[in-house]
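Report on the structure given below.
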Amino acid sequence: MPAASSSAAEHTRPIAAAIVGVAGCALAAEERRLIQARDPWGFILFGRNCASPDQVRALVAELRAAVGREAPVLIDQEGGRVARLGPPHWPPRPPARRLGQLAERDRAAGREAAWLHARLIAADLAPLGISVDCAPVLDLALPHRTRAIGDRALAADPGLVALLGQAMIEGFLAGGILPVIKHLPGHGRARRDSHVGLPVVAAAAADLAGADWLPFRACRSAPLAITAHVRYPALDPSCPATLSRPIIAEVIRGEIGFRGLLLSDDLSMGALRGSLGERTAAARAAGCDIALHCNGDLAEMVEVLDAAGPLEGESAARAAAALACARPPDDLDAAAGEARLARLLAAVEAPARAGA
């Protein structure tokens, strides 16, 4: 931890209720000035920020030094297509769907593989100073789902997704990494990519409650979660979940029972309309504790930090409770874990090779 850092208890400046990304592999001067002045709660890294282990560690230290505290640093390291860290410095990890395919054959083996998958990802992240992974995805692997979810989803069976999601949460926590469940209240039925436009899911509330919400309910004790930029007319005829007070209050906090820190999905995505400031204000007013902005655009970052407001009240309490869930990593024989995971996943690789 940099010498300039201090504990959260000693930090007296207002903290902005936002997580932001930066443009490159090191902080630009104007980024550092903005971060020092506006003090976002945390940061998120992407592939553009990650060139080598030493460089990532240096960037993480720079970010934390700029705010003078041990700010959370997030990443999307799910495995498969969504992996910000990869070869040659970090090993490739399988997509979540492979874990689900194994569990469909052998539930116990699938659960063990899901735990190992998360625990090994945690072992990749912790030495870099990264403290939060935006995983697991608990959306259902339903037919006709958008490729934006695709093989990021574990399975179609809500009970199986719940089982594997819980195992992954445990694996991340055992490795000293805070997990983030996503995308509440469920993205699996969406047929449009929310990165480019707004998906509309026309399912009845009872159908959503009887399937899509079940994995989130089972994993509701997770410390953090991310909303879905999806509109559900049965729940709110006008607003996507990220911007919907009824969905956040009555479904995410109510029916699902999630009590942890709720992050918006990336506010720069194409599903949302309006300026970045308007999106941020709307997400916060709807009940998102933290506004998430990922693309590293400095002008947009200014808008988000201006509109996010201070982290205070119940949101501040939830943020503190989420960070308090972190613990030192348990011991791990990484080589043995890698070998065991490979043996487990071979059960679903072999039929695929045979049919190729």
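The values are calculated or read from the model by the stated rules, or taken from the named source; none is laboratory data. None of these values were measured; they are calculated from a predicted model. Note that each Cβ is placed from the backbone with ideal geometry, even for glycine, and that neighbours are counted across all protein chains shown.
Of all the residues in the stretch 225-282, those that are out of contact with any helix residue (DSSP H, G or I) (no Cβ under 7 Å at 6 or more places or on another chain) and on the phi > 0 side of the Ramachandran plot number 1.
Quickly run through the stretch 223-270 and pick out the residues that are within 17 Å of residue 165 (Cβ to Cβ) and either touching a His at 6+ places or on another chain (Cβ under 8 Å) or without any contact (Cβ under 8 Å) to a residue 24 or more places away in the chain (or both). Within the stretch 223-270, 226, 227, 228 meet the criteria. In this structure, does residue 18 turn out to be of a type in the set (Gly, Ala, Ser) and either under 24 Å from residue 279 (Cβ atoms) or touching a residue at least 40 places away in the same chain (Cβ under 8 Å) (or both)? Considered against the rule, which asks whether it is of a type in the set (Gly, Ala, Ser) and either under 24 Å from residue 279 (Cβ atoms) or touching a residue at least 40 places away in the same chain (Cβ under 8 Å) (or both), residue 18 comes out as yes.
Checked against the criterion of being under 23 Å from residue 30 (Cβ atoms) and of a type outside the set (Ser, Thr, Tyr), the stretch 277-288 contains one or more residues that satisfy it.
Considering the stretch 102-221, the qualifying helices (runs of 4 or more DSSP H), each wholly inside and each with 1 or more residues that are farther than 23 Å from residue 336 by Cα, run over 158-174, 213-218. A count restricted to the stretch 64-116 and to residues that are under 16 Å from residue 49 (Cα atoms) and among the charged types (D, E, K, R) stands at 3.
Scanning the stretch 308-326 for residues that are assigned to a helix (DSSP H, G or I), out of contact with any Asp or Glu (no Cβ under 8 Å at 6 or more places or on another chain) and within 10 Å of residue 290 (Cα to Cα) turns up 308, 316. Per this entry, residue 58 is not counted among residues that are assigned to a loop (DSSP other than H, G, I, E, B) and either of a type in the set (Lys, Arg) or in contact (Cβ under 8 Å) with a residue 12 or more places away in the chain (or both). The residues in the stretch 52-90 that are of a type in the set (A, V, I, L, M, F, W, C) and under 23 Å from residue 324 (Cα atoms) can be counted, and the count is 10.
Checked against the criterion of being modelled with pLDDT under 95, touching a Leu at 6+ places or on another chain (Cβ under 8 Å) and over 23 Å from residue 45 (Cα atoms), the stretch 331-352 has at least one qualifying residue. In the stretch 239-292, the qualifying residues are those that are hydroxyl-bearing (Ser, Thr, Tyr) and touching a Leu at 6+ places or on another chain (Cβ under 9 Å), and the one that is farthest from residue 73 (Cα to Cα) is 244. Across the stretch 9-30, a minimum of one residue is classified as at pLDDT below 95 and small (Gly, Ala, Ser).
Once the stretch 214-254 is narrowed to residues that are among the polar types (S, T, N, Q) and under 14 Å from residue 283 (Cβ atoms), the residue that is nearest to the chain's Cα centre (by Cα) is 227. Scanning the stretch 125-137 for residues that are in contact with a Lys or Arg (Cβ under 7 Å, 6 or more places away or on another chain) and more than 14 Å from residue 84 (Cα to Cα) yields a total of 2.
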